[in-house]
Amino acid sequence: MEIVLSLAIGVLAASGIWLILRPRTFQVIVGLCLLSYAVNLFIFSMGRLTMAAAPVMPRGGFVDPTAYADPVPQALVLTAIVISFATTALFLVVLIASRGVTGTDHVDGQDREP
Amino acid sequence: MMEGNLLLILAGLPFLAAAVASTVSSRAHSAAAWSSGLILAAGLAILAVLRGSLQNGEILRTTLRWVPSLGLDLAFRMDAFVWLFVTLVYGIAILVLIYARYYLSPSDPVPRFHGVLMVFTGAMVGMLVSGNILMLVVFWELTSLVSFLLIGYWHQGQAARDGARMALIVTGIGGMALLLAMLILGQIAGSYDLDRVLAAGEVVRAHPLYPLVLVLFLLGCFTKSAQMPFHFWLPGAMAAPTPVSAFLHSATMVKAGVFLLIRFSPVLGETQLWFFLVTGTGMATLVLGSLIALFRHDLKGLLAYSTIGHLGLITALAGIGSNGAILAAIFHIVNHAVFKASLFMAAGIIDHESGTRDMRRLSGLMRLMPMTGSLAIVASAAMAGVPLLNGFISKEMFFAEAADWHNGTWLDNSLPWLATLAGIFAVAYSLRFITSVFFGPPPVDLPKTPHEPPAWMRRPVEFLVLACLVIGMLPGLTLGPVLNQAARAVLGRNLPYKDIAIWHGFNLPMVMSLVALAGGVVLVALSGARIAEGPEGPPLLHRLRAQRLFEKVLLVTTWRAPRFLHDIFGTERLQPQLRLAVLAAIAAAAVALWGSLAPSPQPLGNPLDPAFAAMWLAGGACALGSAWMAKYHRFAALILLGGAGLVTCLTFAWLSAPDLAVTQLLVEVVTTVLLVLGLRWLPKRREEIPGDRLVAAHLRRFRDLVIALVGGAGLAAVSYVLLTWPLVPNVGDWFLRNAYKEGGGTNVVNVILVDFRAFDTFGEITVLAIVAITVYVLLRRFRPAQESLDSFKTASPEETAQLADALLVPSVIMRWMFPVLMLVAAYLFVRGHDLPGGGFSAGVTLSIAFLLQYLAHDVRWVETRLTVLPIRWMGVGLLIAGLTGLGALVFGYPFLTAHSRYVTLPLIGEVPAATALIFDTGVFALVVGATVLMLIAIAHQSLRIARLREREQAAEREAA
């Protein structure tokens, strides 16, 4: 499992980095989404991989923490998902507005001389 | 106990005066002066009371507990040395207040002057009575900050602004050095308590870090007390109003540096290094300062450099550090404060009444202002060290110390010569001041006709000059006991009582004094005229202006260097910036992890599930595909992006994170819809972008590919290695153990979000609200590109009907889904505390319900039937969350403390009813509002364009 997830994180991150270095705004926004998947999975995996042990406990009494998945990375990633949604929305609007003002979808607002 | 309280009151009084003075009307000169003066006079009364209990070498201490858990207390401490200094500060402050009352013009704003002046007094007193060396540094910094405001009081003038900034930068840098020195010193001594540090001299001097501490400490002291080569800020600070100069640059601020030198001489002193650094710097400053003073034409400039010289003298004495030297240093601090304050005030009077401070234009003032002239002459005689005046005695003691044998080094042997040389210069500049300003022909062509100032403007000068005379004639009676006690408080030994007398017989110091007097007179007689004609500074040296050097350094470091770096590394294009950011991130990770990242000897691992691998095969292909397609096939890229997101979401579900899976799924839906809506406004991309097949473009892409591959491979390697190591027990265990007991919920992730870390969540939803409003505002002024408008055509009725038919079945289903989705949202919300779900996912679900209605029908159809006011949802949500947090305050708990219990509802059964649930309601409402606001704002753009079109067409029809 670990090797697959690590490779997945690597592929997502590489695709994301490649895209955010591209000159078209839509490429950058897709790249940011992919990069946020990679980062979210990375942060999440720092709690190690546990299966069928969601951090939802029975009521009351003492629990053995080792029997459950680490809740802290999950809480962090939950926040990260929300914030990356917000930044994606904001970037989308900036993208649309920039396209409206400059007439091009190049990230610098003007096409580079070929 | 009473003394302790009096000490606290003493430290607080100036701040009280500042509070009073800063609230008076901006023209109430008298009211401010009276209130501040009386409050300070009360301080002097307290000092008189405290004097009795300090006489036998006791130390007053009192402590206010501040942060006991960190061992941080506000410790106050006073011994005879501090008492003397505080008395000096209070006394001169009162005189300066009286003087300033007549000096300031009626239009100068009163509250700012008096308020800041009193805060400065408070900072100075606070620094003096600090019993903790960190607290001392805080007050020290406060004096630097406040002096900036005082020097820049007339901020309309360029000179005042420059002088203030320079003083702040120089003393501020020194303050940083002092802080470092104090931190290290505290570590070495094992305590930040002043008494314990003072007692740790042996340990400190033996410590390997002693040279570092010493240099840092001296940097702080030397910058503050204007020692070479940091002296240049003091003349620049003469742009301040004269009362400020008289207070800061004769009696208080610059004396803070020498105060600290003397205070810490038992700890850091008595070594060869200390002697060379301190006495060497002091002597250099003394000689050069006195020399430059002789050549200044500006009255205040002369006094400034003379101050630098006298501070050098005190520093040199502190460097010598013998019992007599410390006593002489303390004595000279007092004497210098007295005569220099009176001289500054006299110079201010001359400036005030004649309109100029240029000694070449002033002359013969004795006839026009005889009283002021006589006072100034006596004070400058004290400055020159003429017998029967106070300056003479302490200077004589300095000569005696200089002539004494200390350690036989070359510096020690040259001390008497240097001291005599400086003495000659001091006599010369004092004489030049007197002869050129007060004697000679009557002045011509002055901006104002000089005359005597108001009587009360002269009173402070009279008082100080009287003090010069009385101390000068009866030193043993007036200051003898106080000085001896102060020296004992510093050196902490049973010093023999040193009698301070005028006459010690005809000895070497006496000879040195006489040589200095005669030499000074001869120097002025021979070269006085040439000095007056020459440039403002000694020959050769005047070209080397430290101030200009400083400005040059400032210009280079704050303007040229940044510009240069910006030209090299800066760009206004996004791609190089992002590339640099990515490269920097890779480099940072590489540096941090190089060598320390090793696979675990016993790798941890879960057995591979082929289904998981197959799933990620698809997911990885989706990611690569969307990266490939994003340029020319945006819609395909979007679908593939959704595929990668879906696999991510399944991974969360697979690996025991149901909350994440739910949230990711819902957010995925909303994000995709958002992006689809945005696609409409992007340019068509039917043919290839020109230049895409050029070699340069290929090279760029290859370079970026390498960067992407390195980044991706690095992240993969890091995560794999980390995953093979077992998890160390961390805070997560605590959350798991206490989620139910403390937070009343069984879904730990949700409990963390709405209870343990609710404040973070509060911040997060605030960010969401800000983003939503920003989106809304940006889109209000949105003007689409012409290309997008051209492609916008109004559909014919037949086409509309066809489309409606095509979407009939989905639209009916979507309409029916509305109540279902509302139920799902409610379900997710209520169970959130115990099972996966919660306010956030419920909110997104509800906004998807709204969204579906928009998709199923056109915007107008929805908005005639359904009113959503997103801004209100957001506002109410934020209010609920905030008020829940504040509710905890009512019950005496910190902000956002949650209370939890279960309540039984009819039909539904037992549901968790923690206050966290109310907080979650706020989250829910805000998320609904923000998401709907963003989606609707984008969706409305088409509607706006359509309306615009209709209006245009109507106008055209009318015109036709």
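Some observations on this one:
- Here B:A200 fulfils each of the conditions (1) surrounded by 23 or more Cβ atoms within 10 Å (Cβ to Cβ); (2) within 17 Å of B:F217 (Cα to Cα) apart from (1).
- Considering the stretch B:698-709, and only residues there that are without any contact (Cβ under 8 Å) to a residue 40 or more places away in the chain and at the interface with another protein chain (Cβ under 8 Å from one of its Cβ atoms), the residue that is farthest from B:A589 (Cα to Cα) turns out to be B:L705.
- Residue ranges of helices (runs of 4 or more DSSP H) in the stretch B:177-231 with at least 1 members in contact with a Lys or Arg (Cβ under 7 Å, 6 or more places away or on another chain): B:194-198
- Cross-chain or 6+ apart pairs with Cβ under 7 Å, the stretch A:61-83 first and more than 7 Å from chain B (Cβ to nearest Cβ), then in a helix (DSSP H, G or I): A:P73/A:I43; A:P73/A:F44; A:L76/A:I43; A:A80/A:N40; A:A80/A:I43
- Of all residues in the stretch A:84-114, those that are facing chain B (nearest Cβ under 7 Å), over 26 Å from B:L935 (Cβ atoms) and either in contact (Cβ under 8 Å) with a residue 12 or more places away in the chain or touching a Ser or Thr at 6+ places or on another chain (Cβ under 8 Å) (or both) total 1.
- Among the residues listed as B:V215, B:V254, the single one being surrounded by 24 or more Cβ atoms within 10 Å (Cβ to Cβ) and of a type outside the set (D, E): B:V254
- Helices (runs of 4 or more DSSP H) wholly inside the stretch B:831-899 that include at least 3 residues being within 14 Å of chain A (Cβ to nearest Cβ): B:839-856, B:870-890
- Restricted to the stretch B:780-801, and to residues there that are away from every other protein chain (no Cβ under 14 Å) and either closer than 17 Å to B:A939 by Cβ or outside any helix (DSSP H, G or I) (or both), the residue that is modelled with the highest pLDDT is B:S796.
- If you go through the stretch B:67-117 and pick out every residue that is closer than 14 Å to B:V24 by Cα and assigned to a helix (DSSP H, G or I), you end up with 7.
- Residue match in the stretch A:50-57 (condition: more than 7 Å from chain B (Cβ to nearest Cβ) and crowded, with 22+ Cβ neighbours inside 10 Å): no
- Scan of the stretch B:689-709 for residues that are surrounded by 12 or more Cβ atoms within 10 Å (Cβ to Cβ), aliphatic (A, V, I, L, M) and under 28 Å from B:L593 (Cα atoms), ordered by number: B:L705, B:I707, B:A708, B:L709
- If you filter the stretch B:927-944 down to residues that are of a type outside the set (A, V, I, L, M, F, W, C) and surrounded by fewer than 22 Cβ atoms within 10 Å (Cβ to Cβ), you find that the one that is nearest to the other protein chains (Cβ to nearest Cβ) is B:Q941.
- Output for the stretch B:622-654, where each listed residue is within 46 Å of the chain's Cα centre (by Cα) and under 18 Å from A:T79 (Cα atoms): B:G645, B:T648, B:C649, B:F652
- Here B:R51, B:R61, B:R27 are screened, and the one residue that is of a type outside the set (S, T, N, Q), in a helix (DSSP H, G or I) and in contact (Cβ under 8 Å) with a residue 12 or more places away in the chain is B:R51.
- Number of the condition not met by A:L32 [criteria: (1) more than 7 Å from chain B (Cβ to nearest Cβ); (2) surrounded by 24 or more Cβ atoms within 10 Å (Cβ to Cβ); (3) aliphatic (A, V, I, L, M)]: (2)
- Filter pass, B:L168 being closer than 19 Å to B:V125 by Cβ and under 15 Å from the mean Cα position of the chain (by Cα): no
- Taking the stretch B:608-620 as the range and being under 16 Å from A:L34 (Cα atoms) and either within 7 Å of chain A (Cβ to nearest Cβ) or among the aromatic types (F, W, Y) (or both) as the test, the residues that pass are B:W616, B:G619, B:G620.
- For B:G712: the one exception among (1) more than 8 Å from chain A (Cβ to nearest Cβ); (2) open to solvent by less than 30 Å² (accessible area, probe 1.4 Å): (1)
- Pairs where the first residue, in the stretch B:104-123, is assigned by TED's automatic domain parsing to the domain that holds B:A18 and at negative phi and the second is buried (at least 18 other Cβ atoms within 10 Å of the Cβ) and of a type in the set (S, T, N, Q), C-beta under 8 Å, 6+ apart: B:H114/B:S36; B:L117/B:S36; B:M118/B:S36; B:F120/B:T143; B:F120/B:S147; B:F120/B:T252; B:T121/B:T252; B:A123/B:T143
- One residue from B:A623, B:A661 being more than 7 Å from every other protein chain (Cβ to nearest Cβ) and of a type in the set (G, A, S): B:A661
- Candidate set from the stretch B:743-776 (those that are more than 8 Å from chain A (Cβ to nearest Cβ) and without any contact (Cβ under 8 Å) to a residue 40 or more places away in the chain); member that is farthest from B:D834 (Cα to Cα): B:I770
- Within the stretch B:671-688, if we keep just the residues that are in a helix (DSSP H, G or I) and more than 7 Å from chain A (Cβ to nearest Cβ), the residue that is surrounded by the fewest Cβ atoms within 10 Å (Cβ to Cβ) turns out to be B:L679.
- Scanning the stretch A:59-90 for residues that are in a helix (DSSP H, G or I) and surrounded by fewer than 17 Cβ atoms within 10 Å (Cβ to Cβ) yields A:T66, A:A67, A:I83, A:T87.
- Positions within the stretch A:50-83 being touching an Asp or Glu at 6+ places or on another chain (Cβ under 7 Å) and under 20 Å from B:P726 (Cα atoms), in sequence order: A:P65, A:Q74
- Check on B:M135, within 21 Å of B:L261 (Cβ to Cβ), modelled with pLDDT under 90, among the hydrophobic types (A, V, I, L, M, F, W, C) and open to solvent by 10 Å² or more (accessible area, probe 1.4 Å): yes
Residue-by-condition table, conditions (1) touching a Leu at 6+ places or on another chain (Cβ under 7 Å); (2) farther than 28 Å from B:P658 by Cα:
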position	(1), (2)
A:L34	yes, no
A:S45	yes, no
A:R59	no, no
A:A86	yes, no
A:L95	no, yes
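- Residues (part of a helix (DSSP H, G or I), over 44 Å from the mean Cα position of the chain (by Cα) and either more than 18 Å from B:H332 (Cα to Cα) or not assigned by TED's automatic domain parsing to the domain that holds B:H336 (or both)) located in the stretch B:391-413: B:N413
The values are calculated or read from the model by the stated rules, or taken from the named source; none is laboratory data. Please read these numbers as outputs of a predicted model, since none were measured by experiment. All Cβ positions, glycine included, derive from the backbone under ideal geometry; neighbour counts span all protein chains shown. For the accessible areas, the whole protein counts, side chains as well, though only heavy atoms, and no ligand, DNA or RNA atoms are used. Shrake-Rupley method; radii C 1.70, N 1.55, O 1.52, S 1.80 Å.
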